[in-house]
Amino acid sequence: MAEVLVLVDHVDGDVRKSTTEALTAAARLGEPSAVLVGDAAAAAAAHDTLARYGAAKIYRLEGAAYTDHLVAPVAEALAHLVERTSAAAVLLPATNDGKEIAGRLAIKTSSGLITDAVDVQPGPVGGVQTTQSVFAGAYTVVTNVTQGSPILTLKPNSIEPAEAPGVGAEESIQVQLSEAATAATITERKEKEASGRPSLTEASIVVSGGRGTAGDFGPVENFADSLSAAVGASRAAVDAGWYPHAAQVGQTGVQVSPQLYIAAGISGAIQHRAGMQTSKTIIAVNKDEEAPIFELVDFGVVGDLFAVLPQATQEVNARKS
């Protein structure tokens with residue numbers, strides 16, 4: 001059975017859900033093999049999770065070359081592994097880094113590339129068949145990738161992780177990197193301030209606020225906390241300086257696909273819809289009954305978010321206690 005390489009998304013060995021989803025998808029195409037960038041300690045911390053979700057092998061990329069530079073060294077190392085293993089496919093997280101690595105890897109291996117896939121299956125005539133949401137979520141397309149080793153980035157929360165115990169045999173990989181790959185050096189890092197909430201892209205519930213908040217995200221944050229949800233924002237709210245750009249949901253921001261998406265005070269412009277339209281269940285709260293967002297939702301509440309959200313928060317907390 002051909003190997004399917006999965007680039008591990010982790011923080012100090014704490015494996016993100018997007019990787020367990022990718023391993024589950026990889027098992028449909030062949031034998032999952034995890035590729036982890038990190039030292040032995042990170043690999044040891046990640047081992048059990050990776051093996052529990054089907055990783056037959058765990059390739060370790062260790063050394064300063066992968067941590068002191070941008071993504072080019074990882075792309076070169078993956079290209080080496082693709083050639084060595086004749087990989088049936090390579091799956092990566094749909095993060096900014098993941099997409100850049102995917103693009104570089106596709107060029108290096110002369111392979112077909114798909115980003116933000118929401119489903120992965122074996123192709124009817126070989127290769128890989130993927131499903132994507134395109135043109136700002138207006139269409140769903142099915143694509144067959146047959147060139148080279150298909151390179152795919154998976155949209156978070158698209159595939160339900162399934163445990164399928166693997167061997168998890170570890171192997172440290174040494175690759176002679178080119179000068180071009182190490183030309184750009186990272187000179188400083190600044191840790192993102194922890195919010196205590198789940199990651200926006202991986203959260204199963206997202207509560208977003210827009211222009212209707214008038215800059216007061218208190219009700220949105222309180223409701224999100226009652227649901228253990230992530231907090232998002234529309235472009236209008238971000239452009240007004242009411243919420244950080246990292247929380248922007250939309251075509252030019254983060255694209256999310258949670259089990260439940262709640263839009264509060266968001267009109268529903270196409271720019272925003274492109275970032276959340278694939279959510280499983282969508283609820284909107286808006287005092288304008290003609291707001292375009294109501295054309296998209298599963299449930300809609302016509303009302304002032306400053307009245308609706310506190311009541312909803314109180315009811316959720318009461319039921320939890």
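Residues in the stretch 288-294 carry Karplus couplings, in order, of 9, 5, 9, 4, x, 4, 5 Hz; the curve used is 6.51 cos²θ - 1.76 cosθ + 1.60 with θ = phi - 60°, and Gly or Pro positions show x. The trypsin sites (Lys or Arg not before Pro) of the stretch 180-227 that DSSP puts in a loop, and whose beta carbon has at most 14 other beta carbons within 10 Å, are R189, K190, K192. The value obtained for the stretch 242-321, namely the Cα convex hull volume divided by the number of residues, is 110 Å³ per residue. Of the solvent-accessible surface of the stretch 1-141, computed with a 1.4 Å probe over protein heavy atoms with every protein chain present, carbon and sulfur atoms account for 50 percent. Loop sites by DSSP among the GluC sites (Glu not before Pro) of the chain, restricted to those with at most 14 other Cβ atoms within 10 angstrom, leave 1-162 as the longest stretch without any of them. Normalising the Debye intensity of the stretch 140-202 to I(0), with uniform scatterers on Cα atoms only, and taking log10 at q = 0.19, 0.22, 0.29 Å⁻¹ returns -1.23, -1.10, -1.23.
Past the 23 Å Cα-Cα mark, which pairs from K17/K280; K57/K280; K17/K108; K17/K155; K17/K99; K155/K190? Don't jump to the answer; show the numbers that get you there.
On the way: K17/K280 17 Å; K57/K280 33 Å; K17/K108 28 Å; K17/K155 11 Å; K17/K99 17 Å; K155/K190 26 Å.
Over 23 Å apart, Cα to Cα: K57/K280; K17/K108; K155/K190.
Length gained on full extension, S86 to D288: 67.2 nm, using 0.36 nm per residue less the C-alpha separation.
FRET efficiency for the pair E160 and D239, taken as 1/(1 + (r/R0)^6) with r the Cβ-Cβ distance and R0 = 30 Å, rounds to 0.25.
Could you give the length gained on full extension between A44 and A138, defined as 0.36 nm per residue of separation minus the Cα-Cα distance, in nm?
Values: separation 94, 0.36 × 94 = 33.84 nm, distance 4.31 nm.
Contour length minus the Cα-Cα distance gives 29.5 nm.
The mean accessible area for residues of the chain, using a 1.4 Å probe and ignoring ligands and nucleic acids, is 47 Å² per residue.
Can you give me the orientation-averaged projected area of the convex hull built on the Cα atoms of the stretch 1-112, in nm²? Walk me through the intermediate numbers first.
On the way: hull surface 24.8 nm².
Approximately 6.2 nm², given one-decimal rounding.
Computed from the alpha carbon atoms alone, the convex hull of the stretch 186-320 holds 110 Å³ per residue.
Helix 17-26 axis versus longest C-alpha principal axis of the chain: approximately 50°, rounded to the nearest ten.
Amide H contacts of G232 (H built 1.01 Å from N, in plane; Pro and chain starts excluded): V207, S208, G209 sit under 5 Å, all sequence-distant by 5 or more or on other chains.
A Förster distance of 51 Å, applied to the separation of the beta-carbon atoms of E295 and I107, puts the FRET efficiency at 0.80.
Against the chain, whose longest principal axis is taken from its Cα atoms, helix 305-320 shows a tilt of about 70°. For the chain, the relative contact order comes to 15 percent (Cα pairs under 8 Å, sequence separation of at least 6).
For the stretch 223-265, give the percent of accessible area contributed by carbon and sulfur heavy atoms, probe 1.4 Å, rounded to a whole number. Kindly include the intermediate steps, with their values, before the conclusion.
Values: 760 of 1510 Å².
About 50 percent, which is the carbon plus sulfur part of the accessible surface.
Here the Kirkwood formula, the inverse mean of 1/r across different C-alpha pairs, assigns the chain a hydrodynamic radius of 20.7 Å. On the principal axes of its alpha-carbon atoms, the stretch 57-149 has extents of 43, 29, 23 Å, going from largest to smallest. The chymotrypsin sites (Phe, Trp or Tyr not before Pro) of the stretch 134-242 that DSSP puts in a loop, and whose beta carbon has at most 10 other beta carbons within 10 Å, are F135. Contact order for the stretch 230-321, expressed relative to its length and based on alpha carbon pairs under 8 Å spaced 6+ residues apart, stands at 20 percent.
Using the Cβ-Cβ distance between E315 and S195 with R0 set to 25 Å, the FRET efficiency works out to roughly 0.55.
The values are calculated or read from the model by the stated rules, or taken from the named source; none is laboratory data. Remember, it's a predicted structure, so these values are computed and weren't measured experimentally. Heads up, the Cβs are rebuilt from the backbone with ideal geometry, glycines too, and the neighbour counts pull from every protein chain shown. These accessible areas exclude ligands, DNA and RNA; they are computed on the full protein's heavy atoms, side chains included. Shrake-Rupley method; radii C 1.70, N 1.55, O 1.52, S 1.80 Å.
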